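The values are calculated or read from the model by the stated rules, or taken from the named source; none is laboratory data. On a predicted model such as this, the values are computed, not experimentally measured, just so you know. When we count neighbours, we look across all protein chains shown, and the Cβ atoms used for this are built from the backbone with ideal geometry, even at glycine.
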Amino acid sequence: MTAHNSIDIHTHVVPAEFPPYLGQRLGVRWPSMVPAHACHRHVMLDAKVYRTVSHQCWDCQVRLADMDAMRIGWQVLSPMPELLSYWLAGDDAAVLTRFLNEAIAGMVQQAPARFVGLGAVPLQDVERAIGELDHAIHQCGLAGVEIGSNIDGLSIGDARFLPFFEAAERWGAAIFVHALRPAGMDRLVGPPILEQALAFPGEVGLAAASLLTGGTLARCPRLRIAFSHGGGTLAQLLPRLQHAWESFPALRDAMPTAPRVAARALYVDDLVYDAPTIDYLLQAFGATRLILGSDYPFAIMDKDPVGRLDALPLDAATEQLLRCGNAQRWLGALPS
């Protein structure tokens, strides 16, 4: 184990290659890779370039060197969110997620003292998703899975996903929620990067709120679930939601616990690029719920997440929680 003890829970993987599509459907949006410029490959979807990614996405030695430079002891590996592929038919998605899970498990095996893996499940088919969660945890040795903020347009707080979250709670799986195909894209004016800069936070905030207002967290009180990008807008929404809960009996009937209290059952990463906002998240969610995250290796990543924590006026105990203690609790345990 490196002397650096910080755990980065928000990093992404793209395999160097994908298997060919062997299903029975025509025109399936199945990923593939083609060469790009040096050390880069194009992720292809619908015969178009979705994103150009570097060898940081699949080369463990490159990742490890970057981790040392960034003073990161552990990375939690999760798929590039678009690879969750909720728009596929359930049987096709089961094939792709199985491949992703085994690929991520293989990366973890290359450096088990530095990597922890989160896989993927075909949540558009809840029964298959539960089966793949079982395989990811009990066969691949992954700590849990990444899921999207919505499942092909359906909020994760919808009751039909409750059996999946119950299984995750039962098996002690860590769940990481990432923005995917966010709401409000039709209202953005400007270049495509605004999807990540402006739409992701609103999308993640709505996803997190749906678990509160839909009753999922009340039914799964031991669920260990973390939200990307600082929980999005949830911290700013909580005062308004709290006021509504106090004012409207229908909302109190839907939520047995006050929103400000219920939200402290969630974990959020600190990927907000701003020290005062990190301090605000500490006030909203508590010192035991905030975890370091970078979005490595994509262009929007925080290039010095440990340095950002260093700049905060934290006492030693709180700094240790943010660097690694909270992540360890969310993951369950790190391998020895």
What residue, of Leu83, Leu77, Leu88, Leu96, is closer than 13 Å to Val14 by Cα, over 15 Å from the mean Cα position of the chain (by Cα) and buried (at least 22 other Cβ atoms within 10 Å of the Cβ)?
-> Leu96
Could you name every one of the strands (runs of 3 or more DSSP E) located completely within segment 1-87 that has at least 3 residues being closer than 25 Å to Ala179 by Cβ?
-> 7-13, 40-45, 48-54, 74-79
Scanning for something within 22 Å of Leu309 (Cβ to Cβ), assigned to a helix (DSSP H, G or I) and of a type outside the set (A, V, I, L, M), does segment 174-185 turn up at least one residue?
-> no
Inter-residue pairs, beta-carbon under 6 Å, first over 20 Å from Ala143 (Cα atoms) and in segment 77-88, second modelled with pLDDT of 95 or more and of a type in the set (Val, Ile, Thr), 6+ apart = Tyr86/Ile151
More than 22 Å from Gln75 (Cβ to Cβ), without any contact (Cβ under 8 Å) to a residue 60 or more places away in the chain and aromatic (Phe, Trp, Tyr) - does that describe any residue in segment 230-248?
-> yes
Taking segment 106-127 as the region of interest, how many residues are assigned to a helix (DSSP H, G or I), out of contact with any Pro (no Cβ under 7 Å at 6 or more places or on another chain) and buried (at least 18 other Cβ atoms within 10 Å of the Cβ)?
-> 2
Based on what the data block shows, is Val268 outside any helix (DSSP H, G or I), touching a residue at least 12 places away in the same chain (Cβ under 8 Å) and either more than 18 Å from Ala174 (Cβ to Cβ) or more than 20 Å from the chain's Cα centre (by Cα) (or both)?
-> no
Kindly indicate which of Val204, Val261, Val306 is in a helix (DSSP H, G or I) and in contact (Cβ under 8 Å) with a residue 60 or more places away in the chain.
-> Val306
Quick one: is Arg222 within 24 Å of Glu132 (Cα to Cα) and either in a helix (DSSP H, G or I) or modelled with pLDDT under 95 (or both)?
-> no
Look at segment 211-242 and say how many of its residues are of a type outside the set (D, E, K, R) and over 16 Å from the mean Cα position of the chain (by Cα).
-> 16
Report whether or not Ala258 is at pLDDT 95 or above and surrounded by 16 or more Cβ atoms within 10 Å (Cβ to Cβ).
-> no
Just need a number here: residues in segment 313-324 that are in a helix (DSSP H, G or I) and either surrounded by fewer than 16 Cβ atoms within 10 Å (Cβ to Cβ) or under 18 Å from the mean Cα position of the chain (by Cα) (or both).
-> 6
Are any residues in segment 134-147 surrounded by fewer than 23 Cβ atoms within 10 Å (Cβ to Cβ) and not β-branched (Val, Ile, Thr), and if so, which ones?
-> Asp134, His135, His138, Gln139, Cys140, Gly141
Does Ala167 fit the bill of being surrounded by 15 or more Cβ atoms within 10 Å (Cβ to Cβ), more than 25 Å from Asp68 (Cα to Cα) and under 15 Å from the mean Cα position of the chain (by Cα)?
-> no
Going through segment 19-64 in order, the residues found to be among the basic types (Lys, Arg) and touching a Phe, Trp or Tyr at 6+ places or on another chain (Cβ under 9 Å) are Arg29, Arg41, Arg51, Arg63
